[in-house]
Amino acid sequence: MKYNRFTILMLFSLLFFNATAKEKEVPAEQTVTSPDRLVELKFFQKEMANKEKAFFYQLTYKGKPVVLESKLDLQLDNHLSESAMALPVDKHKNWFENLQITGIQRSTKDTTWEPVYGEKKLIRDNYNSLIISTVKDDNPIYLMNIEIRAYNQGIAFRFFFPENVKGTYYRIMSEHTEFNFAAGTLAWKANWAQAPYEKVALENWDCEAERPLTLQLKNGLFATLIEAGMVDYSRTKFKLKGQNSLVTSMFTPVDLISPVATPWRAVLVAESAPAIAMGTDLILNLNEPSKIKDQSWVKPGKIMRVMSQTTKDAMENIDFAAKRNLQYILFDWKWYGPAFSFDSDASKVAINDFDLPAIIKYGKEKGIGVWLYVNQQALLKQSDSLFSIYKKWGVAGVKFGFVQSGSHRWTNWIEKAIQQAAQNQIMVNIHDDWRPTGEQRTWPNLMTSEGIRGNEEMPDATSNTVMPFTRYIAGAADYTICYFDPRIKTTHAHQLALAAIYFSPIQTLYWYDKPAFYKGEPELEFWDKIPVTWDETKVLSGSPGECITTARRSGEEWFLGSITNNEPRKIELKLDFLPKGQKFIARIYNDDNTVATATKVGIKDIAVDSKSILKLDLQASGGAAIWLHKK
């Protein structure tokens, strides 16, 4: 066959055009590494057996596998009416099938910010970012970005739908993001927020697992799966997809309008359990900065509950709180009537012999603030005005009781209630089956929350050793520490030590106790002196279900807590974190059966420095608290 000059020219032009177009195509495989280059996430698109293309990722740490090849997936149902901007019906419910990559954007961030309170004075926010822009079926209405961040502590990713001139609506039915692991992976699993933990393999689960979910990998690494920035969305837990495979499981569908993002899915990774327990910065960094301009009224402190709600009892508790260096007292439920009734009015006192204005006034004279419990029924009915009333009364904070959680509706309700409280300078403690996802950075008036198996349910010592490696990675928790109540299943030194191990800027002490129970126990000096917000925190040693030792610094003083599980344990505690060349006194409060008090806690002082090693002999279910101060 003969070709004329024009035909040959056209063939060369087409070949050149195709080669140029391929060179400009965005590669289907991308990697992003942490600033220290130890954490690496690989993102790629590949063709499935059904000929559809899907997105996948895998995660490594120092070259060791953490998350094996795992699929990214959302299920959408965008059937919209004419009144909802008349967008075309999207018949592709799986957005990740055949999405086209249209662009790649990389950036780096390295800043520090100072929280109002926290486990350290400054928090570093340092990551490398990869944003992958995609389009669905070449339709400029349907755009989505996959945002990935790599921190030294791990990785995080979310799905972002940019703003569209036609106001795109999205109904996300479910999210099935996978987390596949190697055989032999173990998890510390809780079926609900206040459930006990059990150590199980990734097989034959009968329930969803709460988040954070901490895992021990066969190669020796630890990982924790986290949900962060869960705003305007529904809660997502983890369920088994198959052996050694987990998948996200949304509580309910969500209805959204762009611009909008899903919550962050994050994976902490570390070489040891103590390093995982110190990864609490990540969940905060994945949330927006504080939206409260004047934060001076957000004041951390220690609090105790008034067990008997009479004016006399309240005054006695205020006196006790002042002597024991507490900052707040709490009036628990029913002070305004039946808590579960919409007929109860939380703007009025409903019990006799309870002069709340006089109590608040007396508390202010003694430097003690007042918190009030309000159940969800009253909050639903009255929250538009209730917080402004409490501000006029001089109330410091409100404990939300028996909140509903999980659904898109209740997520947005809780978010609104926290903001309404902030507008009236009211601090918040959320109780029952709810866990934070970093909201306290954006709204620091959210001081603490329950979502933990605390002393309301009297867990054993083994359960207590699991919490720092699991629940506390999500943020502050209101464990409701007790001391005198005979139902506690640990020693008294164990309870003392919890105040140093468990972080909460509103730290509940003496939960089931009364001032009359106090008989001058000298070891309670440790609770008198311990603060609730810190300049520095170090998890020195430990393993979930076995033991933990935590050291926290405020100024030049250190407060340490060490606890063991239901078995006795000997611990050698190096003090090499102390400044070199400086002398300290270590006052040790430990279990001692020879002490002639009901609590059986002894006290001894030892001169120490950075070269010292303290040898702790912990009883079964026991512990030790240590106060380090300058000689």
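The values are calculated or read from the model by the stated rules, or taken from the named source; none is laboratory data. Treat the numbers as computed from the prediction; the structure is a model and nothing was measured. Neighbour counts run over all protein chains shown; Cβ positions are idealised from the backbone, glycine included. These area figures cover heavy atoms from the full protein model, side chains too; ligands, DNA and RNA do not enter into them. Shrake-Rupley method; radii C 1.70, N 1.55, O 1.52, S 1.80 Å.
Values computed for the structure shown
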| quantity | calculated |
| --- | --- |
| First in the range 514-542 and more than 17 Å from TYR117 (Cα to Cα), second anywhere and open to solvent by less than 40 Å² (accessible area, probe 1.4 Å) and modelled with pLDDT under 95, Cβ under 8 Å, 6 or more apart | none |
| Residue within the range 31-43 that is modelled with pLDDT of 95 or more, exposed (fewer than 15 other Cβ atoms within 10 Å of the Cβ), within 30 Å of GLY242 (Cα to Cα) and of a type outside the set (Ser, Thr, Tyr) present | no |
| ILE276 vs. criteria assigned to a helix (DSSP H, G or I), under 30 Å from TYR336 (Cβ atoms), of a type in the set (A, V, I, L, M, F, W, C) and in contact (Cβ under 8 Å) with a residue 24 or more places away in the chain | no |
| Test: SER234 is in a loop (DSSP other than H, G, I, E, B) and free of Cβ contacts under 8 Å to residues at least 24 places away in the same chain | no |
| Set ARG487, ARG441, ARG471, ARG435: member being surrounded by fewer than 18 Cβ atoms within 10 Å (Cβ to Cβ) and either under 19 Å from the mean Cα position of the chain (by Cα) or basic (Lys, Arg) (or both) | ARG487 |
| Some residue of the range 61-79 being assigned to a helix (DSSP H, G or I), modelled with pLDDT under 55 and either among the small types (Gly, Ala, Ser) or open to solvent by 60 Å² or more (accessible area, probe 1.4 Å) (or both) | no |
| Residues that are of a type in the set (A, V, I, L, M, F, W, C) and closer than 25 Å to LEU509 by Cα, drawn from the range 324-350 | LEU326, ILE329, LEU330, PHE331, TRP333, TRP335, ALA339 |
| Boolean, ASN464 is within 29 Å of THR537 (Cβ to Cβ), open to solvent by less than 10 Å² (accessible area, probe 1.4 Å) and either in contact with a His (Cβ under 6 Å, 6 or more places away or on another chain) or part of a helix (DSSP H, G or I) (or both) | yes |
| Pair list, Cβ < 7 Å and 6+ apart or interchain, from the range 573-588 residues that are under 23 Å from GLY622 (Cβ atoms) to residues that are outside any strand (DSSP E or B) | LEU575/SER610; LEU575/SER612; ILE585/LYS631 |
| Positions within the range 336-386 being part of a helix (DSSP H, G or I), in contact with a helix residue (DSSP H, G or I) (Cβ under 9 Å, 6 or more places away or on another chain) and open to solvent by less than 60 Å² (accessible area, probe 1.4 Å), in sequence order | LEU356, ALA358, ILE359, ILE360, TYR362, GLY363, GLN376, ALA378, LEU379, GLN382, SER383, LEU386 |
| Matching residues, the range 274-317, being closer than 25 Å to SER554 by Cβ and of a type in the set (A, V, I, L, M) | ALA275, ILE276, ALA277, MET278, LEU282, ILE283, LEU284, ILE292, VAL298, ILE303, MET304 |
| Selection count, the range 135-160, where residues are at pLDDT 95 or above, part of a strand (DSSP E or B) and either more than 20 Å from GLN30 (Cα to Cα) or polar (S, T, N, Q) (or both) | 1 |
| Test result for PRO212, touching a helix residue (DSSP H, G or I) at 6+ places or on another chain (Cβ under 9 Å) and surrounded by fewer than 16 Cβ atoms within 10 Å (Cβ to Cβ) | no |
| Members of the range 101-122 that are out of contact with any Lys or Arg (no Cβ under 8 Å at 6 or more places or on another chain) and either over 25 Å from PHE159 (Cβ atoms) or open to solvent by 100 Å² or more (accessible area, probe 1.4 Å) (or both) | GLN105, ARG106, THR108, TRP113, VAL116, TYR117, GLY118, LYS120, LYS121, LEU122 |
| Selection count where residues are under 29 Å from LYS62 (Cβ atoms) and either open to solvent by 10 Å² or more (accessible area, probe 1.4 Å) or touching a residue at least 60 places away in the same chain (Cβ under 8 Å) (or both), scope the range 196-209 | 5 |
| Any chance THR491 is touching a residue at least 12 places away in the same chain (Cβ under 8 Å), over 20 Å from THR549 (Cα atoms) and among the polar types (S, T, N, Q) | no |
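Yes or no, residue by residue, for (1) open to solvent by 20 Å² or more (accessible area, probe 1.4 Å); (2) in contact with a strand residue (DSSP E or B) (Cβ under 8 Å, 6 or more places away or on another chain); (3) among the aliphatic types (A, V, I, L, M):
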| position | (1), (2), (3) |
| --- | --- |
| ASN219 | yes, yes, no |
| THR224 | no, yes, no |
| SER234 | no, yes, no |
| GLN243 | yes, no, no |
| SER258 | no, yes, no |
| VAL269 | no, yes, yes |
| ASN287 | no, yes, no |
| MET315 | yes, no, yes |
